[in-house]
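Colleague: Got a structure for you, written out below as structure tokens; questions coming shortly.
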């Protein structure tokens, strides 16, 4: 499965989700390739930190911020991996557009803030463009950096607004603002590997992983 984590808006936690999903799949015994499609290289730096700490399993990682290079490398090597996770975006780029053509599943993280929800219109247009030249792309909007409260009005309002954007399927597995996610991802770790453990963070990322990969299997 090729899964892209992308958004034209920065600051929505896409790298955190990409690292969490890649490591989770590796811990489940899958051969995983994490591709950093952002010139900042944050995901690549996180995986490098994991390697320096000699954490197992190791995660293969490459950085391709250029769209043609990303597309060529994935096309050449996709058969070598069980799962490929592409972290891309922060702006409309050639890498983001290439990922939309390559991916089976697109995950678009958004925070429950008005500007983040409005920015999804840009991604919706890119999804329409990608679907005009390829079939089968499924796009899921996932609330990230959600308010911790179970009954947050901001969370509920944002979810309702996103559900009205036809290009996305809203996935009701929110990832809330928790230190465990930033602490773990910065070190290239899953929250399941972090000590002390945060059971709520673990439950949230496991729910997201299960939903995304089970959806793909059922298709």
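Any read-out appearing in this document is the output of simple, stated calculations on the displayed coordinates, not a laboratory observation. Bear in mind that the values here come from a model prediction, so they are computed numbers and not experimental data. With ideal geometry, Cβ positions are generated from the backbone for all residues, glycine too; neighbour counts draw on all protein chains shown.
Colleague: Given (1) out of contact with any helix residue (DSSP H, G or I) (no Cβ under 6 Å at 6 or more places or on another chain); (2) more than 11 Å from residue 90 (Cβ to Cβ); (3) surrounded by 24 or more Cβ atoms within 10 Å (Cβ to Cβ), where does residue 14 come up short, assuming only one miss?
Modeller: The failed condition is (2).
Colleague: Quick test of your reading of the structure: residue 154 fulfils all but one of (1) closer than 19 Å to residue 88 by Cβ; (2) touching a strand residue (DSSP E or B) at 6+ places or on another chain (Cβ under 9 Å). Name the failing condition by number.
Modeller: Of the numbered conditions (1) closer than 19 Å to residue 88 by Cβ; (2) touching a strand residue (DSSP E or B) at 6+ places or on another chain (Cβ under 9 Å), the odd one out for residue 154 is (1).
Colleague: Hey, another quick one. Within the stretch 21-34, count every residue that is in contact (Cβ under 8 Å) with a residue 60 or more places away in the chain, over 8 Å from the mean Cα position of the chain (by Cα) and under 15 Å from residue 61 (Cα atoms).
Modeller: 4
Colleague: Please give the number of the condition residue 211 fails out of (1) buried (at least 16 other Cβ atoms within 10 Å of the Cβ); (2) out of contact with any helix residue (DSSP H, G or I) (no Cβ under 9 Å at 6 or more places or on another chain).
Modeller: Residue 211 satisfies every listed condition except (1).
Colleague: Considering only residues of the stretch 160-181 that are over 18 Å from the mean Cα position of the chain (by Cα) and surrounded by 13 or more Cβ atoms within 10 Å (Cβ to Cβ), which is farthest from residue 136 (Cα to Cα)?
Modeller: 161
Colleague: Any idea how many residues of the stretch 74-95 are free of Cβ contacts under 8 Å to residues at least 40 places away in the same chain and either within 16 Å of the chain's Cα centre (by Cα) or closer than 23 Å to residue 212 by Cβ (or both)?
Modeller: Keep residues of the stretch 74-95 that are free of Cβ contacts under 8 Å to residues at least 40 places away in the same chain, which gives 75-76, 79, 94.
Restricting the remaining residues to those that are either within 16 Å of the chain's Cα centre (by Cα) or closer than 23 Å to residue 212 by Cβ (or both) gives 75, 79.
Result for the stretch 74-95: 2.
Colleague: For residue 3, which of the numbered conditions (1) free of Cβ contacts under 8 Å to residues at least 40 places away in the same chain; (2) in a strand (DSSP E or B) fails to hold?
Modeller: (1)
Colleague: Considering the stretch 159-185 alone, what residues qualify as being under 21 Å from residue 2 (Cα atoms) and assigned to a helix (DSSP H, G or I)?
Modeller: Within the stretch 159-185, just 185 meets the criteria.
Matching residues to (1) more than 16 Å from the chain's Cα centre (by Cα); (2) within 24 Å of residue 139 (Cβ to Cβ); (3) touching a residue at least 40 places away in the same chain (Cβ under 8 Å); (4) not in a strand (DSSP E or B):
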{"site": "150", "(1), (2), (3), (4)": "yes, no, no, yes"}
{"site": "157", "(1), (2), (3), (4)": "yes, yes, yes, yes"}
{"site": "196", "(1), (2), (3), (4)": "yes, no, no, yes"}
{"site": "200", "(1), (2), (3), (4)": "yes, no, no, yes"}
{"site": "204", "(1), (2), (3), (4)": "no, yes, no, yes"}
{"site": "211", "(1), (2), (3), (4)": "no, yes, yes, yes"}
{"site": "214", "(1), (2), (3), (4)": "no, yes, no, yes"}
